1. Which pairs turn up if I take residues in the stretch 76-89 that are on the phi < 0 side of the Ramachandran plot and look for partners that are part of a helix (DSSP H, G or I) and among the small types (G, A, S) with beta carbon separation below 6 Å, at least 6 apart in sequence or on another chain?
2. Considering each of A197, A188, A229, A204 in turn, give the residue that is among the hydrophobic types (A, V, I, L, M, F, W, C), within 16 Å of ligand 1 (Cβ to nearest atom) and modelled with pLDDT of 95 or more.
3. Go through the stretch 178-238 and tell me which helices (runs of 4 or more DSSP H), entirely inside it, have 1 or more residues that are within 26 Å of L307 (Cα to Cα) and either in contact with a Gly (Cβ under 6 Å, 6 or more places away or on another chain) or among the charged types (D, E, K, R) (or both).
4. Wholly within the stretch 11-85, which helices (runs of 4 or more DSSP H) include no fewer than the required count, namely at least 2 residues that are within 15 Å of ligand 2 (Cβ to nearest atom), under 16 Å from the mean Cα position of the chain (by Cα) and within 28 Å of A195 (Cβ to Cβ)?
5. Return only the number of the condition from (1) within 16 Å of ligand 2 (Cβ to nearest atom); (2) more than 25 Å from H18 (Cβ to Cβ); (3) of a type in the set (S, T, N, Q) that Q267 does not satisfy.
6. Just checking, how many residues over the stretch 250-265 are more than 12 Å from ligand 1 (Cβ to nearest atom) and part of a helix (DSSP H, G or I)?
7. Taking the stated definitions as given, is A296 part of a helix (DSSP H, G or I), hydrophobic (A, V, I, L, M, F, W, C), in contact (Cβ under 8 Å) with a residue 40 or more places away in the chain and crowded, with 23+ Cβ neighbours inside 10 Å?
8. Just checking, which of A114, A155, A172, A148 is in a helix (DSSP H, G or I) and surrounded by fewer than 23 Cβ atoms within 10 Å (Cβ to Cβ)?
Amino acid sequence: MNLDALIDILPKTELHLHIEGTLEPEMMLALATRNGIELPYASVAEVRAAYEFNNLQDFLDVYYQGMSVLIEERDFYDLTWAYLEKVHGQGVRHVEIFFDPQAHMERGVAFETALGGITSALETAHKEMGMSSKLIMCFLRHLPEEAAFEALKCACKHKEHIFGVGLDSSEAGRPPELFSRVFAEARAQGFVPVAHAGEEGPAAYVTTALDDLKVQRVDHGNRAFEDPALIARMVRDQTPLTMCPLSNLRLRGIESLDQHPIKKALQAGLLATVNSDDPSYFGGYVNDNYKQVAKAVGLDANEIVQLAKNSFVASFIPDDDKQKGLDAIDNCVNHAKV
Ligand code: ADE
Ligand code: ZN
């Protein structure tokens, strides 16, 4: 069996996915019309032409503008459902997805509007497709600490629907420790902490995400490789890393995909996973990330199977469900005679 076919059939989870980053240009334009929102684009081709980024901030400017079409609860439902249906066809059994409520509240869309649409789609996916999920609310690091506390106050009213807290948006110059207090309160309230770190920021940001925010998983973490002691620590602790190859390529964290550290991460013994981040903006969903990076860095079938297994181990599902995922992968591999 060729590697692309293997990737297509392997059971997997996706652990680093911004739901607002799944907004396809077609849906963006349709929602703009439905909600009477003006966009600077007249066609799908014009939207796609804007997806040329030199760095994270270039992308974020387009990303925040794109999500301005999300107004009603059903918009968030439609967005989330479209993503879940798509990845259901890619072997994805479980998702842990981010949302950015501050980016919606800032423009007058209520926390509950975004949360309601996203959670109903997640519930429908569970009922109709057997897909499980966890929702992680991200704090925007370009906004002040008080704004993060406001979002946390909202989240505390909906603990049954929000599993964890994350940290995203513009990283350079905004170290994790700026958010130590809000993360401490979030942990005290029972939310599981994760954070983007080492995407553009230095290895030191990964260290303080671990030490100060006490994150249980690091999103991206590419620049951790600049600090061998940090890598040794993450190998020892089996700290999960949610890596996103096409995102790193499109945001120019790497010059070409063959420079991606995923193979190096596996060889070092890190608990690394492959994810899509913002698939509509970066040109590929989770399986496209697996396929393109596998080809570029030369992953073999065993390494691809390892990545799928890591996606279950690195998830926040209970241990017996992790084992079911690992067994499903073994079954799939035995059937496919890899
Ligand atoms: N928000 C959405 N995608 C992001 C990324 N890759 N990094 C930081 N913040 C984000
Ligand atoms: Zn991300």
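1. F76/A114; F76/G117; Y77/G117; Y77/S120; Y77/A121; T80/A121; W81/A121; L84/A125
2. Details: A188 fails: within 16 Å of ligand 1 (Cβ to nearest atom); A229 fails: within 16 Å of ligand 1 (Cβ to nearest atom); A204 fails: within 16 Å of ligand 1 (Cβ to nearest atom).
Going through A197, A188, A229, A204 in turn, just one is among the hydrophobic types (A, V, I, L, M, F, W, C), within 16 Å of ligand 1 (Cβ to nearest atom) and modelled with pLDDT of 95 or more: A197.
3. Values: elements: 180-188, 203-211, 228-237.
Qualifying helices (runs of 4 or more DSSP H): 203-211, 228-237.
4. On the way: elements: 25-35, 44-49, 56-66.
Those helices (runs of 4 or more DSSP H) span 56-66.
5. (1) is the only condition that Q267 fails.
6. 7
7. Values: part of a helix (DSSP H, G or I): yes; hydrophobic (A, V, I, L, M, F, W, C): yes; in contact (Cβ under 8 Å) with a residue 40 or more places away in the chain: yes; crowded, with 23+ Cβ neighbours inside 10 Å: no.
Against the criterion (part of a helix (DSSP H, G or I), hydrophobic (A, V, I, L, M, F, W, C), in contact (Cβ under 8 Å) with a residue 40 or more places away in the chain and crowded, with 23+ Cβ neighbours inside 10 Å), A296 does not qualify.
8. Values: A114 fails: surrounded by fewer than 23 Cβ atoms within 10 Å (Cβ to Cβ); A172 fails: in a helix (DSSP H, G or I); A148 fails: surrounded by fewer than 23 Cβ atoms within 10 Å (Cβ to Cβ).
After applying the criteria, what remains is A155.
The values are calculated or read from the model by the stated rules, or taken from the named source; none is laboratory data. A quick note: this is a predicted structure, and the numbers were derived from the prediction, not measured. Neighbour counts are summed over all protein chains in view; Cβ atoms, including those assigned to glycine, are modelled from backbone coordinates with ideal geometry.
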